[in-house]
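Colleague: Pasting a structure below so you can have a look.
The values are calculated or read from the model by the stated rules, or taken from the named source; none is laboratory data. Everything numeric here is computed off the predicted structure, so don't read it as measured data. Cβ placement follows ideal geometry from the backbone for every residue including glycine, while neighbour counts extend to all protein chains displayed. To get the accessible areas, we keep the full protein, side chains included, count just its heavy atoms, and leave off ligands, DNA and RNA. Shrake-Rupley method; radii C 1.70, N 1.55, O 1.52, S 1.80 Å.
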Amino acid sequence: MAVQVPCLSFRQPYAGLVLDGVKTVESRWRPLLAPLENQTLAVHVAQRDWEGSEWRAVLSGLLGMDGAQIEALLESGERFGRGVVAGLVDVGRTWLCPASLQGKDLQCLEQSAVLIGLQEKHLTNLSNPRWLKAPLRAPGGRDLWTIEIPAKLLP
């Protein structure tokens, strides 16, 4: 028996940060996740890393993590390797971040997204992250696709 779930590929470290519950807001230039509100999304760990290091600045600055805590998070996110579906997350509301947003409101969103420069991006709440019992090897993709997850791997 298996379940079919929409799937999205995330580059590291973001895949791990989503599944470890640190990243609770996803940002995209278009409202890709809006049709999935109140549904479950499979998290695929891409082969490639995110280009840029702003995530590290957010973890150490806004979230106040030290080097050891950041390294432990990175190791946790790599537990199943790359090129696999590693877990599930529930998709919430999607909205457009206003260009005028500043101050503490913007900082709070940047902390939740583990990313800076969110203005004019489509933001989506993510909740209830959970790792699969074991990884499911699968090729990634650019947009959403559907993956069949065997019931024995479900948390």
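Yes/no matrix, rows are residues, columns are (1) closer than 16 Å to ILE116 by Cβ; (2) at pLDDT 95 or above; (3) out of contact with any Leu (no Cβ under 8 Å at 6 or more places or on another chain); (4) surrounded by fewer than 15 Cβ atoms within 10 Å (Cβ to Cβ):
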| site | (1), (2), (3), (4) |
| --- | --- |
| MET1 | no, no, yes, yes |
| GLN4 | no, yes, yes, yes |
| GLU37 | no, yes, yes, yes |
| GLN47 | no, no, yes, yes |
| SER53 | yes, no, yes, yes |
| ARG56 | yes, no, yes, no |
| GLY61 | yes, no, yes, yes |
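Colleague: Which pairs have Cβ atoms under 6 Å, sit 6 or more apart or on different chains, and link a residue in the range 137-155 that is within 15 Å of ALA86 (Cβ to Cβ) to one that is open to solvent by 50 Å² or more (accessible area, probe 1.4 Å) and not polar (S, T, N, Q)?
Modeller: ILE149/VAL3; LEU153/LYS133; PRO155/ARG130
Colleague: Please count how many residues of the range 115-135 are surrounded by 20 or more Cβ atoms within 10 Å (Cβ to Cβ) and at pLDDT below 95.
Modeller: Of the residues in that region, 1 qualify.
Colleague: Just one of VAL84, VAL43, VAL91 is open to solvent by less than 10 Å² (accessible area, probe 1.4 Å), within 21 Å of VAL3 (Cα to Cα), touching a Lys or Arg at 6+ places or on another chain (Cβ under 9 Å) and among the aliphatic types (A, V, I, L, M); which is it?
Modeller: After ruling out the rest, the residue left standing is VAL84.
Colleague: Same structure again: Taking into account only those residues within the range 94-113 that are under 14 Å from LYS23 (Cα atoms) and either among the aliphatic types (A, V, I, L, M) or open to solvent by 40 Å² or more (accessible area, probe 1.4 Å) (or both), which is farthest from the chain's Cα centre (by Cα)?
Modeller: The extreme case among them is GLN107.
Colleague: A follow-up question, please. May I ask you to list pairs of residues, at least six apart or on different chains, whose Cβ atoms are under 7 Å apart, with the first in the range 38-50 being in contact (Cβ under 8 Å) with a residue 40 or more places away in the chain and the second being of a type in the set (Lys, Arg)?
Modeller: From the range 38-50, the pairs are VAL45/ARG82; ALA46/ARG11; ALA46/ARG82; GLN47/ARG82.
Colleague: Output yes when any residue across the range 21-34 is part of a helix (DSSP H, G or I), loosely packed, with under 13 Cβ neighbours inside 10 Å and over 10 Å from the mean Cα position of the chain (by Cα), and no when none is.
Modeller: No, every residue in the range 21-34 fails to be part of a helix (DSSP H, G or I), loosely packed, with under 13 Cβ neighbours inside 10 Å and over 10 Å from the mean Cα position of the chain (by Cα).
Colleague: Take the range 54-111 and flag every residue that is assigned to a strand (DSSP E or B), touching a helix residue (DSSP H, G or I) at 6+ places or on another chain (Cβ under 7 Å), under 21 Å from LEU136 (Cα atoms) and not small (Gly, Ala, Ser).
Modeller: Of all residues in the range 54-111, those assigned to a strand (DSSP E or B) come to 84-96.
So of that shortlist, the ones also touching a helix residue (DSSP H, G or I) at 6+ places or on another chain (Cβ under 7 Å) come out as 86-87, 89, 91, 94.
Filter once more, keeping what is under 21 Å from LEU136 (Cα atoms): 86-87, 89, 91.
Within the range 54-111, VAL89, VAL91 qualify.
Colleague: Residue check: is ILE116 closer than 17 Å to VAL18 by Cβ and not hydroxyl-bearing (Ser, Thr, Tyr)?
Modeller: The answer is no for ILE116.
Colleague: Let me ask another. Looking only at the range 137-151, count every residue that is surrounded by 12 or more Cβ atoms within 10 Å (Cβ to Cβ) and either under 15 Å from LEU19 (Cα atoms) or in contact with a Pro (Cβ under 7 Å, 6 or more places away or on another chain) (or both) and tell me the total.
Modeller: Qualifying residue count, the range 137-151: 1.
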